[in-house]
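Report on the following structure.
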Amino acid sequence: MPSDPLEIRVRGRIDADVPCPRSKGFSNRALILAALARGQSRLSGILRSDDTERMLEGLRAFGAGISWEGDCAMVRGLAGAPEMPKREIYVGGSGTAARFLCALAGLGTRAALSGDARMRERPMEDLAEALRQLGVEVETTRGCLPLRISGGRIRGGRVVMRGGVSSQFLSALMMALPCAEQETVILVPDDLTSKSYADMTISMMEDFGCRVENRGYKEFFVPRGVYQARDYAVEGDAANAAYFFAAAAVTGGRVRVTGLRPRTRQGEIQFVEALERMGCSASRGPDWIEVSGGRLQGIDIDMNNLPDAAQTLAVVAAFAQGPTIVRHVENLRLKETDRIAAVSAELRKLGCAVEEAPDGFKITPGPLHGACIETYHDHRMAMSFAVAGLALRGVRINDPACVNKTFPDFFAALERLR
């Protein structure tokens, strides 16, 4: 049931230091890799949220031993040989859990995966087809969940996989492939979207002992190997840090996010550069980034490599002089909601003129006013538009509890900004 609306308290110029939020993407990748490894891994900094809880439940169903020692997840790996689940695995609205567990299930198990209403609309077919090419028997429901794997095992060899819909398919397959029967070459015939997420996956696979050769994002060579258990510290989340940088931008204040490396492979780190283009100033240290607000100007930007920051940039654009155009984020229509349509509708409520395009939107600021923001069960809609309420009176967020998907403490962290 949706939670009660929350009105955001307007602030003056924010001046704050904020620890970097934890990362769903890094956490779920680390959990999969540790579960496929030989031995016991100790993972520190794992995010505790709805999405990661779905992943933990799924990995336990495949036989991974998972316990907690304080803040650390202790994962007893399966050495590449998951067990047969005794029940259907429910992933809720977690796309990473659905895709990553589907590929893991192709390592010789029989399994059924289901999800919530929106997850039953989000695509799975490109991954399912790749698994079929590699010898796994997979049946989807009109290309989506529910999904059933009824036999076979990932052989390896050569496989063609489209990359234009979601990079999660590629990441899911790559992480399972070292455990295949032979080395594999993945051929990507189109333009891979969100390449930074593939880079993140390849880097983490190497951290756990398996190297991937990326041949210009058109071919990926994955040799057979054995993941090695290890102590691993999970990076903070650049996409969730972006809300605090945006807070500095819209209030004309200063925010330093600590525990975030400027040289991270996360594409959303480029959000800081986008704010600099819009008129903010930024400084960087070994493990921190600081943004100070300035006179904001609209920009024209390709956000294909940082799609999870597109809604946040759209909200900042509402406070700029002149139009902002966001391009090449067509896969936003396949996320927790159609994010292009949702952002456009809610910015219009605040007073902006918004033109939708198939792959993005054009935002022309107007006289702004408060409004009740619909979140569409999408955590990033809630968090992005909450930023607007820091500088605009009367912004109320419907169903604020939807942030539990990836950032349960978001509104408490926002309230601490001064």
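Of the residues V188, V160, the one with the fewest other Cβ atoms within 10 Å heads the list, and the complete ranking is V160, V188. Considering only F220, L78, T96, and ranking their Cα positions along the charge dipole of the stretch 24-220 that arises from unit charges at the beta-carbon of Lys, Arg, Asp and Glu, the one farthest toward the positive end is L78.
The list (i) 20.4; (ii) 17.9; (iii) 29.6 gives values of mean projected area of the Cα convex hull in nm², and only one came from this structure; which label was calculated from it? Of the listed options (i) 20.4; (ii) 17.9; (iii) 29.6, (ii) comes from this structure.
Backbone phi angles across the stretch 362-371, fed through the Karplus curve with coefficients 6.51, -1.76 and 1.60 (θ = phi - 60°), yield HN-Hα couplings of 10, 10, 10, x, x, x, 8, 8, x, 6 Hz in residue order; Gly and Pro are listed as x.
The overall shape of the stretch 262-359, judged from the alpha-carbon gyration tensor, is oblate: a/c is not under 1.5, and a/b is no greater than b/c. Beta bridges from DSSP with both residues in the chain: antiparallel share about 70 percent, rounded to the nearest 5.
For the stretch 183-223 and the stretch 231-269, what is the separation of their Cα centres, given in Å? Measuring centre to centre over Cα atoms gives 25 Å. Does the stretch 16-144 come out rounded, prolate or oblate, given a ≥ b ≥ c as the square roots of the eigenvalues of its C-alpha gyration tensor, rounded meaning a/c under 1.5 and, failing that, prolate meaning a/b above b/c? Cα axes put the stretch 16-144 in the oblate bin. Output the 0 to 90 degree angle, nearest 10, between the alpha-carbon long axis of helix 24-36 and the longest principal axis computed from the alpha carbons of the chain. With rounding to tens, the tilt is 10 degrees.
Relative contact order for the chain: what is it in percent, counting Cα pairs under 8 Å that are at least 6 residues apart?
Relative CO of the chain lands at 18 percent.
Couplings 3J(HN,Hα) of the stretch 249-259, computed from phi: 5, 7, 9, x, x, 9, 9, 10, 9, 9, x Hz, in residue order, whole Hz [Karplus 6.51 cos²θ - 1.76 cosθ + 1.60, θ = phi - 60°; x for Gly and Pro]. Amide H contacts under 5 Å for V18: R256, V257, T258, restricted to partners 5 or more places along the chain or on a different chain, H placed in the peptide plane at 1.01 Å from N.
Just list whichever of K24/K349; K218/K362; K195/K335; K195/K362 have alpha carbons separated by over 28 Å in the model shown.
Checking Cα-Cα distances, K24/K349; K218/K362 exceed 28 Å.
For the stretch 219-231, the Karplus equation 6.51 cos²θ - 1.76 cosθ + 1.60, evaluated at θ = phi - 60°, returns couplings of 9, 10, 9, 10, x, 5, x, 10, 5, 10, 4, 6, 7 Hz by residue, with Gly and Pro reported as x. Angle, helix 379-389 long axis vs. longest principal axis of the chain, Cα atoms, 0 to 90°, nearest 10? Tilt relative to the chain: about 10 degrees.
Values quoted throughout were computed directly from the atomic coordinates according to the rules given, and no laboratory measurement underlies them. Note that this is a predicted model, so its numbers are computed, not measured. No Cβ is skipped: glycine too gets one built from the backbone with ideal geometry, and neighbour counts run over all protein chains shown.
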